[in-house]
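Engineer: Below you'll find the structure I mean.
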Amino acid sequence: MGLHVENDEGSCEVTEVSKLEGEASINNRKGKLIFFYEWGIKATWTGTSKNGNKYKGNIEVPNLSDENDMEDLDISVTLCKDESETPLTAKGRKS
């Protein structure tokens, strides 16, 4: 919550996390902490274009895991059905 990104196209902010399911654990091996996690996340975002147009959409990350690198994540950033296309969705995917 509260993640805010901005660029020349406008700004976006995560406004609600509707799903955070999964598990996490920590193991201690030879004095070293090892973290394991696997999460599914769904969130809502709102944005404002540089023209002042307001947008609302959803973010889904089904495979946030210690086994995946950042570039391997499946991040889906979509607009609500009644919204027109905006470059803000591309900014959300990159951030």
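Derivation of every value follows stated rules applied to the coordinates shown; laboratory data play no part. Here the structure is a predicted model, which means the values were calculated and not measured. Neighbour counts run over all protein chains shown; Cβ positions are idealised from the backbone, glycine included.
Engineer: For the pair residue 71 and residue 11, what calculated FRET efficiency results from E = 1/(1 + (r/R0)^6), where r is the Cβ-Cβ distance and R0 = 41 Å, to the nearest 0.05? Show your work: numbers first, answer last.
Structural biologist: Working: r = 24 Å, r/R0 = 0.60.
With a Förster radius of 41 Å, E is 0.95.
Engineer: What does the convex hull of the Cα atoms of the chain come to per residue, in Å³, rounded to a whole number? Can you show the working numbers first?
Structural biologist: On the way: hull volume 10.4 nm³, N = 95.
Dividing the Cα hull volume of the chain by its residues yields 109 Å³.
Engineer: For a quick check, take a GNM of the chain with Cα springs below 10 Å and name the residue from 68, 51, 27 with the largest mean-square fluctuation.
Structural biologist: The residue with the greatest mean-square fluctuation here is 27.
Engineer: To continue, here is another question. Given points 7 Å out from each Cα along the Cα-Cβ axis, report the residue 18 to residue 63 separation in nanometres with one decimal.
Structural biologist: 2.3
Engineer: OK, next. Please identify every one of the trypsin sites (Lys or Arg not before Pro) in the stretch 7-60 that sits in a loop by DSSP and has no more than 11 other beta carbons within 10 Å of its own beta carbon.
Structural biologist: On the way: sites: 19, 29, 30, 32, 42, 50, 54, 56; in loops: 30, 50.
Filter output for the stretch 7-60: 30.
Engineer: Say R0 is 41 Å: what FRET efficiency, to the nearest 0.05, do residue 81 and residue 36 get from their beta-carbon distance? Mind dumping the intermediate values first?
Structural biologist: Numbers: r = 37 Å, r/R0 = 0.90.
Step by step, r from the Cβ atoms, then E = 0.65.
Engineer: Sum up the lysine pairs in the stretch 4-94 that clear both bars: alpha-carbon distance under 29 Å and a spacing of 8 or more or different chains.
Structural biologist: 23
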